[in-house]
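The values are calculated or read from the model by the stated rules, or taken from the named source; none is laboratory data. Only a predicted model underlies this, so the values are computations on that prediction, with no experimental measurement involved. Neighbour counts run over all protein chains shown; Cβ positions are idealised from the backbone, glycine included. Quick note on the areas: whole protein, heavy atoms, side chains included, nothing else; ligands and nucleic acids left out. Shrake-Rupley method; radii C 1.70, N 1.55, O 1.52, S 1.80 Å.
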Amino acid sequence: MTAILMLSLVVFVGDVGLLKCLQCGGFTRLIQDAIIWYSSGDTMSVLHFDNVDNINCVLDGRKELFVVDKKDSHHIDFDRLEEGYSSVDVTNVDMLKYPGLRDIPYFWVDLFPGDCLYLPAGWPHHVTSSCGRSLAVNVWFAHSPWFDADSCAETELSEFKALTQYPYSSSNEHLRSKILLLAADYVEFTETDMWNLYSDYFGSKNQLHKVFRFLDSNLDDIVSWSEFYKVDADTFIKLFPWLYEPKESGTLGHTEL
């Protein structure tokens, strides 16, 4: 008999530290959830993707991951797109029903105790725990196109900082990311830049002007990345009503084993 157990880290957070690579750069304000996965072996997830970034660290046992670059995800028939996964039987693929999987480029990853894998938002993957008991920690955080280098210069990185020190961010952070990804190549923004980027989403220049003035907290006619993130996510998305759409494909609820 096999089993998988998903546990909130509420009980364990005092014993689980945040990786150094997430302790600065702005990541601590983007953490969405953290889960411990316990498998007795011979368990497997569906082929799916998530709308947030993911770091999966194995504490005990072994995990195997089939991973596809987001740019190659068109090969996969996500027939359960609303939930962000494919119904394909990953143990016995029907190539007639899912012909895109015949020639799909992919990565095969073996994780052992002490190994961590970063999975960017939108990258399809499935996870197998087939070699006896395994224990892993999974941290989800909203994707951001901006790396806050200044915060790394000001932050002393620690070998161990408990996750209890970092409250989870609003679930709306991934919606903030959705709009800012359109501006990923910019260093800073004038009002004209914002109009060029988002004119299709605003009814008028006057509407965008009000948003720009709200974000420009130091009134220098430039909106910086730090000003974009100075506003809390729940307030931020209200500035962009077009973000209120039906639930996106992919959720935090997929079994990572």
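Brief remarks follow.
- Over the chain, relative contact order from alpha-carbon pairs under 8 Å, at least 6 apart, %: 31 percent
- Extents of segment 148-248, taken as max minus min of Cα coordinates on every principal axis and listed largest first, are 50, 35, 22 Å.
- Environment charge of SER169, counting only residues whose C-beta is closer than 12 Å and scoring Lys/Arg +1, Asp/Glu -1: -2
- Gyration tensor verdict on the chain (Cα atoms; rounded if a/c is under 1.5, prolate if a/b is larger than b/c, oblate otherwise): oblate
- A 1.4 Å probe run over segment 82-183, with the rest of the protein chains in place, finds 53 Å² accessible per residue.
- Those Cys residues of the chain for which no other cysteine Cβ falls under 4.7 Å: CYS21, CYS131
- Listed residue pairs exceeding 30 Å between alpha carbons, taken from LYS97/LYS178; LYS161/LYS210; LYS20/LYS63; LYS71/LYS97; LYS20/LYS210: LYS97/LYS178; LYS161/LYS210; LYS20/LYS210
- Scattering curve values for segment 93-150, log₁₀ I(q)/I(0), Debye with Cα scatterers, q = 0.13, 0.28, 0.31 Å⁻¹: -0.58, -1.30, -1.43
- Working note: Karplus 6.51/-1.76/1.60 with θ = phi - 60° gives segment 145-157 the couplings x, 10, 9, 7, 5, 4, 5, 6, 5, 9, 10, 8, 6 Hz, where Gly and Pro are set to x.
- Over the chain: helical MRE at 222 nm, DSSP H runs n ≥ 4 each giving -39500 (n - 2.57), nearest 500: -4500 deg cm²/dmol
- Rolling a 1.4 Å probe over the protein heavy atoms of the chain, with every protein chain left in place, gives an accessible area that is 54 percent carbon and sulfur.
- 3J(HN,Hα) along segment 160-167: 8, 10, 5, 4, 4, 7, 10, x Hz, from the Karplus curve 6.51 cos²θ - 1.76 cosθ + 1.60 with θ = phi - 60°, whole Hz, x for Gly and Pro.
- Over segment 174-226, the pair-distance histogram of Cα-Cα distances with 5 Å bins from zero comes to 4, 20, 31, 28, 15, 1 percent, rounded to whole numbers.
- Note on segment 29-94: semi-axes of the ellipsoid equivalent to its C-alpha gyration tensor, largest first and rounded to whole Å, are 22, 18, 11.
- Free of any GluC sites (Glu not before Pro) that DSSP assigns to a loop and that have at most 11 other C-beta atoms within 10 Å, the longest stretch within the chain is 1-155.
- For segment 45-143, the spread of Cα coordinates along the three principal axes comes to 38, 31, 22 Å, biggest extent given first.
- Charge tally in the Cβ shell below 12 Å around LYS20, where Lys, Arg are +1 and Asp, Glu are -1, LYS20 excluded: -1
- Here's how it looks for PHE240: its modeled amide H is under 5 Å from none belonging to a residue 5 or more places away or on a different chain.
- Binned Cα-Cα distances of segment 94-217, short to long, each 10 Å bin given as a whole percent: 8, 24, 28, 22, 14, 3, 0
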